[in-house]
Structure formats: C-alpha cells, structure tokens
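Participant: Got a structure for you, questions after.
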Amino acid sequence: MLFKFHYCFEMKIWITRQKWNDSCSDKLNSGITATAKLTKMKKEERQPLLLSSAEPLNDTYDKGSIPRPDVRTSPDSMIVHLPGPLESGGMVDMKPSYGHSAGDSAYNPILNRELEHPTSNLDTMIHLLKGNIGTGILAMPDAFKNAGLVIGTMGTLLMGIICTHCMHMLVKCSHELCQRIQVPALGFSEVCETAFETGPPNLRKYSQAVRIIINVFLCITQLGFCCVYFVFVAANLEEVMKYFFGFNLSVHYYLLMLLLPMILLNWVRNLKFLTPVSLFAAVITVTGLGITFFYMLQGLPHTSTVKAFAGWKQLPLYFGTAIYAFEGIGMVLPLENNMKNPQDFGGWTGVLNTGMVIVAALYTSVGFFGYLKYGDKVQGSITLNLPPDDILAQSVRLMMALAIFLSYGLQFYVPMNIIWPLVRPHLQSEQAQMFGNYFLRTCLVVFTFALAAMIPNLGAVISLVGAVSSSTLALVFPPIIEIITFWHKGFGKKSWILWKDISIMIFGLVGFGFGSYVSVWNVVHPETE
C-alpha cells in the first residue's frame, strides 16, 4: 500500500514537470519569434542611418560622441554598431559609478529635444552677436587706455581665443553629460552639477553647492549687464537731449524715464519673439559702429603718441573691461539647446566660431583705433567722445542707445530662466503663474534700475562686473567642468589638457582677484580713477 502511494505521488510530480516544460518551451519559442521580429523592425528603422552615414549627424565636436544605437540582439546588429567614447558595456542607474555612463552608447540628446519654437542658424547667429556685441565693444578704447596699444591688441585677441575655447569646452561637456544621464539638454549650472554628481565619489557631495554657485554668478553677471545697459542708454540720451533740446538734466532722470519702457520690453517671454528685435538692434548697431569708425579713422595720430604699455597698476582694469566685453558665456548653452540644427553650432566654421571671430575682430579694431584717436581722454563709451556739436555723431549716440535698449531683453533671458523655476512651484493656478511671471520680471527690472541709479559711473561698473562675475564664469568654471567630466579618460600626452585647464583657471583667478580689487576701489573713490 505504501509502495502504491509513493508510485502515484511520483507520477503526479512527473506529469506536473512535463506540463511545465511544455509551457516553458512554448513561451521560449514565442519569445524567440518576437525577438526576431523586433530585430527585423530595428534593422529596418536603422536603414536610413546607413544610407546617410556619409553625413554624420553631429560632426561638431568628437565624431564618436553621438554613436548609433547599439542593439545587441543578433550578430547582424553588431556589424552596424559603432562604439562611442562613453561606452561602458552595460546599463547603470542615473548616478553611475565614476567613469561610466547610463546607456550613452544608444542615447542621442539632439534627437530627443522637443522644442516648441526652435531657432534657425541665422537666428542663433543674431542672438550670439547681440549677446556679445553690446556696451562692451564701445568700452574697448577705455580698456586699451588701461593696457596700452600693443598690450591691448595682443591681450584682446588672446582673450577672445581663450573665451571661445572655454565656450567649446562647455558645449562638449554638455553633450557628454547629456549622454551619460540620458537627458536632451542641460544648462550651465546643470552641466556643472552633473559633472560633480557623476564624477569622483569624493566630489559628488558638492554637486548641489556648485549648481547654486553657478546660478548665483550667472544672475550677478547677467543682471550686472542689465545695469550697465541702463547706465549706457541713460548717459547717451543725456547727451542727445542736451544737444537737440538744451535739457541739462541729471542722468538719474533719464534712468527713471527708461524704467517703464524697459519693463514692457521684458514682458516678452519667448526667445523666438525677440529675434526681430535683435535683428533690428543688430542692424542699427552695425550702422552706428560704421559711423563711429568714420569719426575714429579721421586724422589718426602716429602710434607713438599713445602708450604701448600703460603700466601694471591699470592692467587689472583692462582685464575687467576686456573679459566683460566677451560676455556671451552664459548664453552659449541656452542658444545651442534652442537650435533647430544644434550640430551646426560648433566646428571650425560653425555658428560659434564664426560669431566669435567677428566679435574679436570688432573688439580689437574699435579698441585700437578708438584709443589711438582719443588717447587718454577716451571715456567709458567711445560714443561719448564723438563731437558733441555734430548731428551725425548725435545720431550715433541715439542709434547705439536704442540698440542697447533693445538688447536688454536678451541679457534678461538668462537670470529669468534661473529664478522663475524657483518661484513657479509656489503658484498653483495657471493664472497665478502668469501674473507671477510678469511680477517677477517687473521686480528684476526695477532691481537693475536701482543698482544703476546707485553707481552711474559707466566705466567702473563695466570693469567691476567683468572682474567679479564674467571672469569666474568664462575662465574658471569651464576648465573645472572639463577636468571632472573627462578625468577617467585621461588628458592626452603628458596630461597637456590638464595643464592647459589649470593655466586657464589660474589666469581667471588672478584676474578676478586683482580686477575686483581695483574696480571696487574706483567705484568707492571715483576721483582717483
């Protein structure tokens, strides 16, 4: 009886196992069939990539930085796969171990960007030029006065090369980190935060802190530019009104008259809608610069009439004004992230290099001829040195004032994008968010107006803003980000990239220290400037 019971029990176990094996076999066969279909579909989807492989999607920076999808389901797909520099051999979480990436071999940030109002290459070029060619170019003769003709020329070209290189570093690190954490785009502060967050374990705890620091400096820089714009427009309007109508009002009254128009202009919330305004501002800026060159090139004295080197004491002021002039570092990533064809942004003949070559050439020319023409009498803006009794010269002042006025909104775009996300969660309804957005814009414009009214000295404000914040953002943080982002890959032969980045950082820190000290001294003691 016991043997019979045991035999029946064994038979039931055998029958159950047989049914389970048959079920697994059916599921396995269906899984193999589904996998084969999926592989076929993916091969068909990849076919356009094969047909257009002669024209890679992004040849801006590292051609291997945006590899094709890696589908490891069959030996056929392995032939198509082109390994990228970020390949880690497996999937990890959003905070991968140092030196590894989260599926970056299959993720293309450019293809995953969904933009409601993307900008064309021409739109981006216009914004880039207007973001860099502002009050800084008109202050370059004053910068040359503090450096000397030879040192100013060489220093401006060198500064342009270094700043442009730092912009490329920032965009390259952004692409690398976007692939690493699989997001379509990152801002300046987000790039720095992500670099620390996915970098060496000892630095990850500082990721939130560096993001806050970057955002603070970005706000200081861009709002500082807005203050300078207020002072510049008011100072030129003062000269124009004095010439045409004989008004002898203080610059503070003109600052007050500009307040309401500035508020209304900055209620425009979309960068795309600022393109016509920027285009018009660019046209009148070019016209004004052309007329300014007409005055500067008349009756030029010999180069021996000005100093080749102004001395070490004034050199920090030159640094602050020159680095202020290359003021576009904060707008590089927003512009690249908002492009319809972001692969055209970099490269030797891309939007960035083309725009910065134009900017550096204009800066050097205006600084060289402006200082040569007016010598030590040059003022904080070259337009203030033009003949006061000439109607054409007054038209230049009016045109440049209008151009800078229209460019205020472009500089205002960056701090608004940083501050508004901190305020929006506290507003529940859609109507409250709309009114809150307009109220915040109004408050920030009033804040820049108040700062401009406190320090109406144009030259001192430009040098101070450049030395304090522009040098930090343009020369210190990009090398730090590149070192942390690519530490696990090495820095080339004899670590030349590391030494290059350290040299740029030291240059920026020295300029920050000495430039800030001298600029603050001139603000407090304007009579000794």
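The values are calculated or read from the model by the stated rules, or taken from the named source; none is laboratory data. Keep in mind it's a predicted model, so treat the numbers as computed, not measured. Positions of Cβ are backbone-derived with ideal geometry, glycine not excepted, and every protein chain shown enters the neighbour counts. The protein model used for the area step is the full one, side chains on, heavy atoms only, and it has no ligands, DNA or RNA in it. Shrake-Rupley method; radii C 1.70, N 1.55, O 1.52, S 1.80 Å.
Participant: Could you give me the ³J(HN,Hα) list for the range 333-350, computed from phi with Karplus coefficients 6.51, -1.76, 1.60 and θ = phi - 60°, whole Hz, x at Gly and Pro?
Facilitator: Karplus values, whole Hz, x for Gly and Pro: 5, x, 5, 5, 5, 9, 7, 6, 10, x, 5, 8, 6, x, x, 4, 10, x.
Participant: Can you flag which of Lys313/Lys377; Lys130/Lys340; Lys313/Lys500; Lys145/Lys500; Lys130/Lys500; Lys172/Lys494 are past 24 Å Cα-Cα?
Facilitator: Violating the 24 Å Cα-Cα cut-off are Lys313/Lys500; Lys145/Lys500; Lys130/Lys500.
Participant: For a quick protection proxy, order the peptides 257-265, 407-415, 239-247, 482-490 by their average other-Cβ count within 10 Å, most packed first.
Facilitator: Listed from highest to lowest mean packing, they are 407-415, 482-490, 257-265, 239-247.
Participant: Another question, then. Mind giving me the FRET efficiency for Met257 and Val183? R0 is 45 Å, r the Cβ-Cβ distance, nearest 0.05 is fine.
Facilitator: In this case the efficiency is close to 0.50.
Participant: Turning to a different aspect of this structure: Could you work out how much longer the chain between Ala432 and Trp521 gets when fully extended? Use 0.36 nm per residue separation minus the Cα distance between them, nm to one decimal.
Facilitator: 27.6 nm
Participant: If R₀ is 25 angstrom, what is the calculated FRET efficiency for the pair Ala209 and Phe273, using the beta carbon separation as r and rounding to 0.05?
Facilitator: Efficiency at R0 = 25 Å is approximately 0.10.
Participant: If amide H atoms are built 1.01 Å from N in the plane of the peptide, which residues on other chains or at least 5 residues away come under 5 Å of the amide H of Gly380?
Facilitator: Gly459
Participant: Here is a further query. Report the GluC sites (Glu not before Pro) located in the range 106-181 that are in a DSSP loop and have at most 14 other Cβ atoms inside 10 Å of their Cβ, or state none.
Facilitator: Glu114, Glu116
Participant: Could you give the length gained by full extension between Leu451 and Thr303, i.e. 0.36 nm per residue of separation minus their alpha carbon distance, to one decimal place?
Facilitator: Gain on stretching Leu451 to Thr303: 49.4 nm.
Participant: Which of the peptides 516-524, 418-426 is most tightly packed, and how do the rest follow, going by the mean number of other Cβ atoms within 10 Å of each residue?
Facilitator: 516-524, 418-426
Participant: Out of the range 314-413, which trypsin sites (Lys or Arg not before Pro) are coil in DSSP terms and have no more than 15 other C-beta atoms within 10 Å?
Facilitator: Hits after loop and neighbour filter: Lys340.
Participant: Taking H placed 1.01 Å from N in the peptide plane, check which residues at least 5 places from Thr119 or on another chain put their amide H under 5 Å from its amide H.
Facilitator: Met339, Lys340
Participant: Something else now. For Ala185, what charge total do you get from the other residues with a beta carbon under 11 Å from its beta carbon, if Lys and Arg give +1 and Asp and Glu give -1?
Facilitator: Residues near Ala185 contribute -2 overall.
Participant: If you take every residue apart from Ser207 with its C-beta less than 9 Å away from the C-beta of Ser207, what net charge results, scoring Lys and Arg +1 and Asp and Glu -1?
Facilitator: Spelling it out: positives minus negatives among the neighbours equals +1.
Participant: Suppose we look only past 16 Å in the calculated P(r) of the range 288-363. What percent of the Cα-Cα pairs does that tail hold?
Facilitator: For the range 288-363, the share of Cα pairs beyond 16 Å comes to 70 percent.
Participant: Net charge within 12 Å of Asn248 by Cβ-Cβ distance, Lys/Arg positive one each and Asp/Glu negative one each, not counting Asn248 itself?
Facilitator: For residues surrounding Asn248, the net value is -1.
Participant: Of the chymotrypsin sites (Phe, Trp or Tyr not before Pro) in the range 337-381, which ones lie in a loop per DSSP and count no more than 16 other C-beta atoms within 10 Å?
Facilitator: Loop-located and lightly packed - Trp348.
Participant: Which one, Ile284, Ser207, Leu259, is farthest towards the positive end of the dipole of the range 201-295 when Lys and Arg carry +1 and Asp and Glu -1 on their Cβ?
Facilitator: Of Ile284, Ser207, Leu259, it is Ser207.
Participant: On to the next question. Starting from the Cα-Cα distance between Phe439 and Val510, subtract it from 0.36 nm times their residue separation and give me the gain in nm to one decimal.
Facilitator: 21.7 nm
Participant: Kindly sort His127, His168 by accessible area of their heavy atoms, largest first, with the probe set to 1.4 Å.
Facilitator: From most accessible down to least: His168, His127.
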